[in-house]
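Working notes for the structure below.
The values are calculated or read from the model by the stated rules, or taken from the named source; none is laboratory data. Quick caveat: nothing in here was measured; it's all calculated off a predicted structure. Here the Cβ positions follow ideal geometry from the backbone for every residue, glycine too, while neighbour counts run over all protein chains shown. Please note that ligands, DNA and RNA were not included when accessible areas were found on the heavy atoms of the full protein model with its side chains. Shrake-Rupley method; radii C 1.70, N 1.55, O 1.52, S 1.80 Å.
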Number of protein chains: 2
Amino acid sequence: MTTISKDAKLVTLINVFTVEPANQQQLIDSLVRATETSVRHAQGFISAALHRSLDGTKVVMYAQWRSIEDYQRMREAPHSAPFLQEALALATFQPGMYQVVETFVSDCDNT
Amino acid sequence: MTTISKDAKLVTLINVFTVEPANQQQLIDSLVRATETSVRHAQGFISAALHRSLDGTKVVMYAQWRSIEDYQRMREAPHSAPFLQEALALATFQPGMYQVVETFVSDCDNT
């Protein structure tokens, strides 16, 4: 489970992959495998959540890291390269580094 | 606070705004105002978190809604239009509707 709070001292990566709908599931499988076997064990990784777009054309990885340096160290590690190449063979990749500005909750019971 | 879990029955909107860095703060102010005064009170809204990219070129709204229909009802409501127009005057808008496929947590203590 991932929690989003503006008080947490962390950096948020929101990486948007654009993919042919026929390849969406394969991209998801590849990103799950990369995260389970490699990324999740990296120093400074906190949590991540993988999302599939309902129209089939996108996949978003929302990830929290302790620092930019920790994330970059993982990206540059030799064992990360094959996973990234596998994903990039299937999709175009729009990366982004963010901080949380504000959070909002409902004022009604919507459950 | 927003919680991301694959077990929750909801739809996730990940809307990416691309903006001139000089206009990023104005876009953020506009989206905060729209969410506080309007969106947050809509039927079916659960929670949202607003993110600013560290390079100044993007803003991401990550929002959870009970259903697609609830989100679309808000978007089509007459009082939503001015807020959306204000944001679209400052930025280009890449919307997306998602479901959570998987979540991952660290296996170390990174706090």
### Query
Which of the residues belonging to segment A:62-88 are more than 9 Å from every other protein chain (Cβ to nearest Cβ), within 21 Å of A:TYR98 (Cα to Cα) and of a type in the set (D, E, K, R)?
A:GLU69, A:ARG73, A:ARG75, A:GLU76
### Message
Tell me yes or no: at least one residue of segment A:22-30 is touching a Ser or Thr at 6+ places or on another chain (Cβ under 9 Å) and within 17 Å of B:VAL105 (Cα to Cα).
### Response
no
### Query
Where residues in segment A:37-61 are at the interface with chain B (Cβ under 7 Å from one of its Cβ atoms) and assigned to a helix (DSSP H, G or I), which of them is farthest from the chain's Cα centre (by Cα)?
A:HIS41
### Query
Could you say whether any residue in segment A:64-71 is of a type in the set (Ser, Thr, Tyr) and surrounded by 14 or more Cβ atoms within 10 Å (Cβ to Cβ)?
yes
### Summary
Checking A:LEU27, A:LEU50 in turn, the sole residue that is over 24 Å from A:GLN99 (Cα atoms) and surrounded by 21 or more Cβ atoms within 10 Å (Cβ to Cβ) turns out to be A:LEU27
### Task
Could you tell me whether any residue of segment A:32-51 is at pLDDT 95 or above and among the acidic types (Asp, Glu)?
no
### Residue selected from segment B:32-47 under the condition among the hydrophobic types (A, V, I, L, M, F, W, C) and under 29 Å from B:VAL105 (Cβ atoms), by the criterion least open to solvent (accessible area, probe 1.4 Å)
B:PHE45
### Task
Could you please find all residues in segment B:72-81 being surrounded by fewer than 17 Cβ atoms within 10 Å (Cβ to Cβ) and at pLDDT 90 or above?
B:GLN72, B:ARG73
### Query
Looking only at residues in segment B:15-36 that are assigned to a helix (DSSP H, G or I) and in contact (Cβ under 8 Å) with a residue 40 or more places away in the chain, which one is nearest to the other protein chains (Cβ to nearest Cβ)?
B:LEU31
### Message
Among the residues that make up segment A:82-96, is at least one of them in a strand (DSSP E or B) and buried (at least 16 other Cβ atoms within 10 Å of the Cβ)?
### Response
yes
#### Entry: Residues satisfying the stated conditions in segment A:101-111, i.e. open to solvent by less than 20 Å² (accessible area, probe 1.4 Å) and part of a strand (DSSP E or B)
A:PHE104
### Message
So in segment B:1-14, with the set limited to residues that are more than 8 Å from every other protein chain (Cβ to nearest Cβ) and hydrophobic (A, V, I, L, M, F, W, C), which one is least open to solvent (accessible area, probe 1.4 Å)?
### Response
B:LEU13
### Query
Here are some residues: A:LEU13, A:LEU88, A:LEU31. Which one is under 26 Å from B:ILE46 (Cα atoms) and under 16 Å from the mean Cα position of the chain (by Cα)?
A:LEU13
